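Since every read-out is calculated from the coordinates, none of them should be taken as a lab result. Given the structure is predicted, the values throughout are model-derived calculations rather than measurements. Don't worry about glycine lacking a Cβ; one is built from the backbone with ideal geometry, like all the others, and counts go over all protein chains shown.
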Amino acid sequence: MASQDWFDKDFYKVLGVSKDISEADLKKTYRKLARKHHPDSNEGDPKAEAKFKEISEAYSVLSDKEQRAEYDQIRAMGSGARFTSGGAGGGAGGFEDIFGGRQSRGGSQYTFQQGGGGGFEDILGGMFGGGGGFGQTSGGYRGFGGPTPGRDVSASVTLDFETATKGDTVSLQTSQGKTIKVKVPAGVADGQKIKVAGKGEPSPDGGPAGNIILTVNVRKHPVFERDGRNLRVTVPVTFAEAALGATIEVPTLGGDPVRLKVAPGTPSGRVLRVKGRGVATSKGTGDLLAEVQVAVPSHLSDEAREALERFNEVGPNENPRAELLARAKG
């Protein structure tokens, strides 16, 4: 930004704030505008990129107490002031006068130091990366200025199945030896990522800290499986229970078994539902889905074999594969 812009640009107007805005409200306003106009969110939009550059320049000055005080002092001189090149015909009060000593306007005198602490050159140097060079830039998006967020940090944690469904608070150890407590929400799934805002690496230039991106790994359960917010369990039943009907016990996660009725003639694969015994999350609670599986005995006594043979003789004379074969033929 050329030196003339200090007189011509109203940084408060650029950010849409009053001159007495607090530092906290100033930062809040800048972050909102930066998110809206960030080039990454407006790819290929030169107007958004220009606007982002403009608000970053404004914030880089107003967020610094010393620079803000200098800016307010300079703006008090009035927007009609102009820098001239000086020399023959330039008259008093040119560019060199402002940077070299005093400038008089209407009986008032303003002193600008050419070097040292907090002078006009310092303001420009702070905005353009130091060294007093107008062509230098540093910090922010593509050198536009403004605070740069710190880098995100990746971490992982492994939870057992039941803990993942109920939620827990885990401790993470940073590379600096600091312990951070992270609340893992109930119902977190295997491979799910949790963002812990502001706990990553600090910003190099006073911006917000980065985040911790926590990946949750969940150990498999020997009985239950996740199906969204539902829990699935396979329940074996005997042939007699499936054929004649029965009341059976079905396990629940972390609780007492529940009793379910198996209707007569229940086939393998039928699902019995237990309302509200699934995974409880902030979006709702799932169900327990019990899939019936008819267990075939691997060993039969002579008496049991004879009984089955008699059943086969008097049982329904139907082929359970008839429909399958017919459909296969088209």
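Values for this structure:
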| item | result |
| --- | --- |
| Given charges at Cβ of Lys, Arg, Asp, Glu: segment 179-246 dipole, positive-most of Ala246, His221, Ser203 | Ser203 |
| Order of Phe11, Phe311 - criterion: other Cβ atoms within 10 Å of each residue's Cβ, fewest first | Phe311, Phe11 |
| Counted charge near Gln173, where neighbours are those whose Cβ lies closer than 13 Å (Asp, Glu -1; Lys, Arg +1) | +3 |
| Inverse of mean 1/r across different Cα pairs in segment 237-289, Kirkwood, Å | 12.2 Å |
| For Asp227, residues with placed amide H under 5 Å, excluding near neighbours | Arg232 |
| Net charge of neighbours whose Cβ lies under 15 Å from the Cβ of Lys19, counting Lys and Arg as +1 and Asp and Glu as -1 | -1 |
| Cut-off 15 Å between beta-carbons: net charge of the residues surrounding Val182, Lys and Arg +1, Asp and Glu -1 | +4 |
| Percentage relative contact order, segment 225-324, counting C-alpha pairs under 8 Å, at least six apart | 30 percent |
| Relative contact order (percent, whole number), segment 11-72, Cα cutoff 8 Å, 6+ residue spacing | 36 percent |
| Value of D in µm² per second that Stokes-Einstein yields for segment 153-218, Kirkwood Rh from Cα pairs, at 10 °C (1.306 mPa s) | 128 µm²/s |
| Fewest-first sequence of Ile74, Ile180 by Cβ atoms within 10 Å of each Cβ | Ile180, Ile74 |
| Amide hydrogen neighbours beyond the local backbone of Arg270, cut-off 5 Å, H modeled | Val292 |
